[in-house]
Amino acid sequence: MKTIKRTTTLEKYLGIERKKKLNIGFIPTMGALHEGHLSLIKACRANNDIVIVSIFVNPKQFNQKEDLVKYPRDLAKDKTLIKDYCDYLFAPSVNQIYPNGKNTKVKLNIDHLIQSMEGPNRPGHFEGVVQVIHRFLKIIKPDSIYMGQKDFQQFSIIAYLINQKSLPVKLHVCPTKRERDGLAMSSRNLRLAPKHRKKSNIIYQALNFAKEHLKQLSVKEIEQKAIEMLSLKEFKPEYFDIVDAYSFKTVSNIKKHKVIVACTAVWVGNVRLIDNMILKGEDKF
Ligand code: AMP
């Protein structure tokens, strides 16, 4: 695995690979890698000649400075985890991704996709995600990009970006990897206090509750009950929304929607965790 920090260097290497007609698969990450990231990398490895992982803590997608500052970083450990599966690790500086004087901003109206869930709770977040992924796609020009279902709204918005801008890349969405107790793997889990970590699987339990009761209770009743379940001491659920998986609009009659997803964000102490589960329909995206 070659570690590359400069955009121009990466472009040079990938140009050579492309001339050999090799397929390029790309996994964007913010580092502090775990088995969840690795599952994306393995899926990419199985279907591409060249695997490239980026590690870049994108300042433009953090709406809270504390979250950006405290985001875990351990490049040496990340390298050890992925070195046997990747050809290139791209770990650029902020200047490489947002060079001064260059207009790197993509115009895309995502208003209809950010009216609920993460949108209102993290102003500017998805605009930042769209910007960085668009920049990466322009630099790397991969044939495929791999993202996790864990960040449901995120992959949907990137699917929209690819579609609207007719970008020549195929998006693959991989299932959420969980700890043994059901907690979705996340780089932020490292910041949980042990007493909070022990109880954090309540998030998975609340999502399962929603799935099991979709036919017996109304959507409103489920959402209310889930919020109650999540309101443990020092746990603050921000939302628990049952929505149409494509429009993110509230569901009232479950029969009218092909795919329904429950999405939630919970403050556990000072760590914000998100998770989701498909309640109805096919969960292959
Ligand atoms: P991040 O480093 O948090 O930006 O995540 C990079 C990619 O890994 C995103 O596409 C995430 O959705 C995905 N990812 C994060 N956690 C998991 C998980 N537990 N299972 C599967 N994919 C994940």
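See the values below:
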| item | result |
| --- | --- |
| For Thr3, residues with placed amide H under 5 Å, excluding near neighbours | Leu89 |
| Unit charges at the beta carbon, dipole of segment 61-208: most positive-side option, Leu171, Pro99, Gln115 | Pro99 |
| In Å², nearest 10: area of Ile16 left accessible to a 1.4 Å probe | 90 Å² |
| Mean ellipticity per residue at 222 nm, deg cm²/dmol - from DSSP H runs of n ≥ 4 across the chain, formula -39500 (n - 2.57) | -11000 deg cm²/dmol |
| Alpha-carbon centroids, segment 6-46 and segment 151-186: separation in whole Å | 16 Å |
| Simple Cβ-charge dipole of segment 2-174, Lys/Arg +1 and Asp/Glu -1, about Cα centre, in debye nearest 20 | 700 debye |
| Farthest toward positive dipole pole in the chain [+1 Lys/Arg, -1 Asp/Glu at C-beta], among Asn48, Met277, Ile254 | Asn48 |
| Solvent-accessible surface (1.4 angstrom probe) belonging to Cys263, in square angstrom, nearest 10 | 10 Å² |
| Ser54 long-range amide H proximity, modeled H, under 5 Å | Ile27, Thr29, Phe90 |
| Cα gyration tensor shape for segment 2-174, rounded if a/c is under 1.5, else prolate or oblate | rounded |
| Simple Cβ-charge dipole of segment 175-285, Lys/Arg +1 and Asp/Glu -1, about Cα centre, in debye nearest 20 | 220 debye |
| Karplus-derived 3J(HN,Hα), 6.51/-1.76/1.60, for each residue of segment 182-192, Hz, glycine and proline x | x, 4, 5, 5, 7, 4, 5, 4, 4, 8, 6 |
| Dimensions in Å of segment 1-85 - Rg and Dmax from alpha carbons | 14.2, 44 |
| Those GluC sites (Glu not before Pro) in segment 184-285 that DSSP places in a loop and that have at most 14 other beta carbons within 10 Å | Glu234, Glu282 |
| Mean separation of Cα contacts under 8 Å, 6 or more apart, over the residue count of segment 1-116: relative contact order % | 35 percent |
| Per residue solvent-accessible surface (Å²) - the chain, probe of 1.4 Å | 50 Å² |
| For Arg178, distant residues with modelled amide H under 5 Å away | Met185 |
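The values are calculated or read from the model by the stated rules, or taken from the named source; none is laboratory data. All values reported here derive from a predicted model rather than from experimental measurement. Every residue, glycine among them, receives a Cβ derived from its backbone with ideal geometry; neighbour counts consider all protein chains shown. Side chains included, ligands, DNA and RNA excluded: accessible areas come from the protein's heavy atoms. Shrake-Rupley method; radii C 1.70, N 1.55, O 1.52, S 1.80 Å.
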